[in-house]
1. Please identify, among Ala29, Ala145, Ala92, the residue showing maximal mean-square fluctuation in a Gaussian network model of the chain using a 10 angstrom Cα cutoff.
2. Counting only pairs 8 or more places apart or on different chains, how many lysine pairs in the chain have C-alpha atoms closer than 22 Å?
3. Using each residue's phi in the range 162-176, evaluate 6.51 cos²θ - 1.76 cosθ + 1.60 at θ = phi - 60° and report the 3J(HN,Hα) Karplus result to the nearest Hz, with x for Gly and Pro.
4. Who wins for biggest fluctuation among Gly149, Gly89, Gly127 in a Gaussian network model of the chain, springs between alpha carbons below 10 Å?
5. With each pseudo-label sitting 7 Å past Cα toward Cβ, what's the Lys163-Ser24 distance in nm, one decimal?
6. Taking amide H positions as placed 1.01 Å from N in the peptide plane, with prolines and chain starts having none, which residues 5 or more places from Val174, or on another chain, fall under 5 Å of its amide H?
7. Using helices alone, what [θ] at 222 nm do you get for the chain, with -39,500 (n - 2.57) per DSSP H run of 4 or more residues, divided over all residues and rounded to the nearest 500?
8. For a quick check: with amide H placed at 1.01 Å from N, whose amide H comes under 5 Å from Leu40's, ignoring anything fewer than 5 positions away on the same chain?
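Coordinate-derived values only; no laboratory data. Just so you know, these numbers come straight off a predicted model, no measurement behind them. Using ideal geometry, Cβ is built from the backbone for each residue, glycine included, and neighbour counts are taken over all protein chains shown.
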Amino acid sequence: MSRHVSPLIVGVLGFQGDIEEHLSSIMTAFKKTSIEGRTLLVRERSDLSEIHALIIPGGESTVIGAMLAGRSMVKELSDRLMNGLPTMGTCAGLILLAKRVYDRVVGDMNQPLLGVLDVLIERNAFGRQRQSFHAEFDIPRYGLAGFNGAFIRSPIIKQIGPKVDVLAKLGTDVIAVQQGNILATAFHPELSTSSIFHEELIKMASSMNH
Ligand code: GLN
């Protein structure tokens, strides 16, 4: 079997949301890690076979999910995720990765999900009065204290399965997790001055690529 060697191609799901910010954080992370690579906007099913890692951005999970379903990408993307594609979902991206989702006000959501991350998510968990805020928290796994996270109508991770590791909490709320090849955050790391999450994703993809 022929295996791809560098450069690494990191895809950003390019339907809706903060796509540009992720593209620029990936470029920063390439520089910081000295790993060679480029980015690709993923908009078609055929793009999925090109990439070695993927970012599912924040935005509106029902819209991004409907676009994925409309382009018949849900099954193939879930399969690639289950087969180890290094992937990071942020905010709406976290929601799309989850197995189970409900909305704090609306209740059970019947929205297209990739359903690969063993978590229960509450959408819009911080409510209207706190729709958007910055907060600082530690990420022990990365040896980081005082990471500055942006929360924009963010979800909370209410329950996690046995294979899910907690990366960060805000008070008692779980806000970042890892399950093998899948990283997911309730906040927006692409709006932070630190590119640590993008670096971790790239490092994971690079180690699987050689
Ligand atoms: N509340 C949005 C949703 O449920 C997520 C918000 C975001 O990604 N910033 O899709």
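1. In this elastic network of the chain, the residue with the biggest mean-square fluctuation among Ala29, Ala145, Ala92 is Ala145.
2. Taking the chain as the scope, the lysine pair count is 9.
3. Going residue by residue, I get x, 9, 9, 9, 7, 9, 7, 10, 10, x, 9, 7, 7, 10, 8 Hz, with x marking Gly and Pro.
4. It is Gly127.
5. Here the modelled spin labels are 3.6 nm apart.
6. Ile157
7. -7500 deg cm²/dmol
8. Val10, Gly11, Val12
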